[in-house]
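Written out below as structure tokens is the structure these notes cover.
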Amino acid sequence: MRSQAFHASRDGENVHTHLFRSYMFDKMNFDHFQILRAIGKGSFGKVCIVQKRDTEKMYAMKYMNKQQCIERDEVRNVFRELEILQEIEHVFLVNLWYSFQDEEDMFMVVDLLLGGDLRYHLQQNVQFSEDAVKLYLCEMTLALDYLQSQHIIHRDVKPDNILLDEQGHAHLTDFNIATIIKDGERATALAGTKPYMAPEIFQSFVSGGTGYAFEVDWWSLGVTAFEVLRGWRPYDIHASNSVESLIQLFSTVSVQYSPAWPKDLVALLRKLLTVNPEHRFSSLSDMQTSPYLAAVNWDAVYEKKMEPGFVPNKGRLHCDPTFELEEMILESRPLHKKKKRLAKNRSRDNSKDSQSENDYLQECLEVVQQEFMIFNRERRQTGSGSKFF
């Protein structure tokens, strides 16, 4: 069910009624969490480790500055990600627990996974064993099969978006460019990270053909598995490559597989990296037909009873330490000074010289305030929340 807040202005609901509901149901806020340290940043938004004060449970908190999102036209992306995350929960996803806002920022509080992402470990020159990658393939297969059952295309499966927990199990994150398709619909937008994007995405963009569907995520999984095993990607693709040159590349360049890999593994990767989506493996049932995965106990995979081939070092935080320095030294609106800053802003007269520009921004901020989707998974699980969760 979509949040009532998302539909407030669209359905003509009285704004005062909506604000009253927000006051009644949005009890979670920034003060409920202790900020511990910054651990990352994305295309927009930053991520820090937080501890919920009452339960002392640890989470990751992603926060996005409202004004920056408005200026970059990214508010819809935030709302779509929230809409998707509120409706899904899976053992191999990074799940949303809470969402709330204040005057400055929008917040998403999610599962904390301290094992780092696969990109970080590749950059640390970790040599992943075949067994380790085999388990990642299985865990991501279950995650993608679940998303498909929920009509969701992730569109950005890559090592950067696969996080490990402390035991070494893989979890898919970042639904910022995910989309929902139902009833035979097809996606058409040129969305994703070029080296991991399936050929039909580029083809659809150039020719305006029939679009694409869930198969694109399975291509990305194939590229990711190849890269984690080999240390480089199957195709030499960069952000600067033109769409037309990539279409040509897929029709002329053949993937070179390592002669050291088992034939069954190569056969599986070939099925994931099949240019024609109609012939590509793109479901759990497809993957189960692969001789390489024939002996897999899928219930044991789901229950995390399979021992990972790579376990991150528990004695360290697996992220770039410069994120913490940037937050403390370079950030103009540091999170740890938010409370004082907001109090100061509230007491200040908001009159500005550039009134028309300020009025427009204020109007946009008010729309974000009204339409932002509040969420609390604890209330949903206990059944004590309102129908709006």
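The values are calculated or read from the model by the stated rules, or taken from the named source; none is laboratory data. Bear in mind that the values here come from a model prediction, so they are computed numbers and not experimental data. Positions of Cβ are generated from backbone atoms using ideal geometry, with glycine treated the same way; all protein chains shown enter the neighbour counts.
Considering Arg119, Arg80, the condition of being of a type in the set (Lys, Arg) and free of Cβ contacts under 8 Å to residues at least 60 places away in the same chain is satisfied by Arg119 alone.
Does the stretch 96-105 contain any residue that is exposed (fewer than 15 other Cβ atoms within 10 Å of the Cβ), over 13 Å from the mean Cα position of the chain (by Cα) and farther than 24 Å from Arg380 by Cα?
Looking through the stretch 96-105, at least one residue is exposed (fewer than 15 other Cβ atoms within 10 Å of the Cβ), over 13 Å from the mean Cα position of the chain (by Cα) and farther than 24 Å from Arg380 by Cα.
Quick check: is even one residue across the stretch 83-90 under 22 Å from Gly168 (Cβ atoms) and at pLDDT 95 or above? For the stretch 83-90, residues under 22 Å from Gly168 (Cβ atoms) and at pLDDT 95 or above: present. Taken residue by residue, the stretch 43-59 has at least one member that is surrounded by fewer than 19 Cβ atoms within 10 Å (Cβ to Cβ) and modelled with pLDDT under 75.
Residues that are part of a loop (DSSP other than H, G, I, E, B) and either over 30 Å from Gly309 (Cα atoms) or β-branched (Val, Ile, Thr) (or both) within the stretch 100-116 comprise Asp102, Glu103, Glu104, listed in sequence order. Look at Arg186 and say whether it is surrounded by fewer than 22 Cβ atoms within 10 Å (Cβ to Cβ), in the same structural domain as Val255 (by TED's automatic domain parsing), among the basic types (Lys, Arg) and within 18 Å of Lys271 (Cα to Cα). Taking the combined requirement at face value, the residue does not satisfy it. Out of the stretch 164-184, which residues are over 12 Å from the mean Cα position of the chain (by Cα), touching a residue at least 12 places away in the same chain (Cβ under 8 Å) and assigned to a loop (DSSP other than H, G, I, E, B)? Within the stretch 164-184, Asp165, Glu166, Gln167, Gly168, His169, Ile181, Lys182 meet the criteria.
Scanning the stretch 149-163 for residues that are in a helix (DSSP H, G or I) and in contact (Cβ under 8 Å) with a residue 40 or more places away in the chain, we see that the one that is nearest to Phe92 (Cα to Cα) is Asn161. I need every pair where a residue in the stretch 200-225 that is closer than 12 Å to Asp156 by Cα and touching a residue at least 60 places away in the same chain (Cβ under 8 Å) has its Cβ under 8 Å from the Cβ of a residue that is in a loop (DSSP other than H, G, I, E, B) and of a type in the set (Phe, Trp, Tyr), sequence separation at least 6 or different chains. Pairs that qualify, where the first residue is closer than 12 Å to Asp156 by Cα and touching a residue at least 60 places away in the same chain (Cβ under 8 Å) and the partner is in a loop (DSSP other than H, G, I, E, B) and of a type in the set (Phe, Trp, Tyr), are Trp218/Phe281; Val223/Tyr235. When Thr188, Thr179 are screened for being at pLDDT 95 or above, farther than 19 Å from Leu284 by Cα and of a type in the set (Val, Ile, Thr), only Thr179 passes. The residues of the stretch 123-172 that are surrounded by fewer than 23 Cβ atoms within 10 Å (Cβ to Cβ), closer than 30 Å to Ala187 by Cβ and among the polar types (S, T, N, Q), listed by number, are Gln148, Ser149, Gln150. Cβ-Cβ distances below 7 Å connect the following pairs, each with a first residue in the stretch 47-67 that is in contact (Cβ under 8 Å) with a residue 40 or more places away in the chain, a second residue that is of a type in the set (A, V, I, L, M, F, W, C) and part of a loop (DSSP other than H, G, I, E, B), and a separation of six or more residues or different chains: Ile49/Leu112; Met58/Leu112; Tyr59/Leu112; Ala60/Leu112; Met64/Phe44. Being among the hydroxyl-bearing types (Ser, Thr, Tyr) and outside any helix (DSSP H, G or I) is the filter; apply it to the stretch 200-241 and report the residue that is surrounded by the fewest Cβ atoms within 10 Å (Cβ to Cβ). Among those residues, the one meeting the criterion is Ser240. Checking Leu142, Leu137 one by one, the residue that is in contact with a His (Cβ under 9 Å, 6 or more places away or on another chain) and either at pLDDT 95 or above or of a type in the set (Gly, Ala, Ser) (or both) is Leu142 and no other.
Among the residues making up the stretch 111-120, those that are out of contact with any Asp or Glu (no Cβ under 7 Å at 6 or more places or on another chain) and either farther than 28 Å from Glu89 by Cβ or crowded, with 20+ Cβ neighbours inside 10 Å (or both) are Leu112, Gly116, Leu118. The residues listed here are Pro195, Pro199, Pro259; of these, the one that is modelled with pLDDT of 95 or more and farther than 25 Å from His121 by Cβ is Pro199.
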